[in-house]
């Protein structure tokens with residue numbers, strides 16, 4: 001067995017696993033992850049283990065994530081399953097912009113964590129999109145977008161397309 005160490009693993013073992021053990025029956029009875037469990041998972045950092053450092057993640061080795069899921073599974077198999085799926089699953093959204101009347105619009109697009117409102121992707125500036133253009137984002141959590149007018153009278157977003165992002 002490979003020895004894996006990480007501060008998130010320590011938190012999982014010391015605080016999360018005992019709490020999950022005490023509350024696993026609720027998860028099983030309700031056949032869903034309780035809101036408090038999801039909150040504690042996010043707070044533990046496990047969902048950020050595989051995210052790049054530049055967007056607030058730990059950029060940990062996959063073995064660290066696997067070990068985190070294994071430890072969670074010692075307390076609640078259902079919670080471990082959800083963690084394993086949600087912690088690595090990526091989604092994609094494509095935003096379509098068109099400056100339909102060629103006014104020379106410029107817009108800044110920000111993608112933020114829906115809970116913390118921290119940026120999770122670099123700000124992108126859309127310009128020269130008279131013929132239309134797409135911005136494609138990948139993410140693995142709830143996000144919010146903010147559109148800022150830089151130039152022109154209004155912000156234009158002409159389409160939003162979602163995909164499971166099988167990458």
**OP:** Averaging sequence separations of C-alpha pairs under 8 Å and six or more residues apart, then dividing by the length of the chain, give the relative contact order as a whole percent.
**Re:** 22 percent
Original post:
To the nearest 10 degrees, how steeply does helix 17-30 sit against the main Cα axis of the chain, on a 0 to 90 scale?
Top reply: 70 degrees
**OP:** Beyond 30 Å, what share of the Cα-Cα pairs of the chain is found? Please give it as a whole percent.
**Re:** 32 percent
**OP:** Quick one: order 76, 133 by neighbouring beta-carbon count within 10 Å, fewest to most.
**Re:** 133, 76
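Determine the relative contact order of segment 7-86: mean sequence separation of Cα pairs under 8 Å and six or more apart, normalised by residue count, in whole percent. Could you put the intermediate results ahead of the total?
Details: 81 pairs, mean separation 27.9, N = 80.
Rounded, it is 35 percent for segment 7-86.
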Subject >> Ascending count of other beta-carbon atoms within 10 Å, so fewest first, for 47, 112 >> reply: 112, 47
Original post:
For helix 35-44, what angle does its Cα long axis make with the longest principal axis of the chain, in degrees from 0 to 90 and rounded to 10?
Top reply: 90 degrees
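Using a 10 Å cut-off around each Cβ, can you sort 19, 100 from fewest to most neighbouring Cβ atoms?
Details: 19 15, 100 12.
Sorted ascending by nearby Cβ count, the order is 100, 19.
With a Förster radius of 41 Å, plug the Cβ-Cβ distance of residue 32 and residue 151 into 1/(1 + (r/R0)^6) and report the FRET value to the nearest 0.05.
Values: r = 46 Å, r/R0 = 1.13.
Here the calculated transfer efficiency is 0.30.
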Original post:
Taking the alpha-carbon centroid of each part, what is the distance from segment 34-104 to segment 4-24 in angstrom?
Top reply: 17 Å
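Readers should treat all values here as calculations from the given coordinates under stated rules, not as data from a laboratory. All values reported here derive from a predicted model rather than from experimental measurement. Glycine gets a Cβ as well: all are built from the backbone with ideal geometry, and neighbour counts include every protein chain shown.
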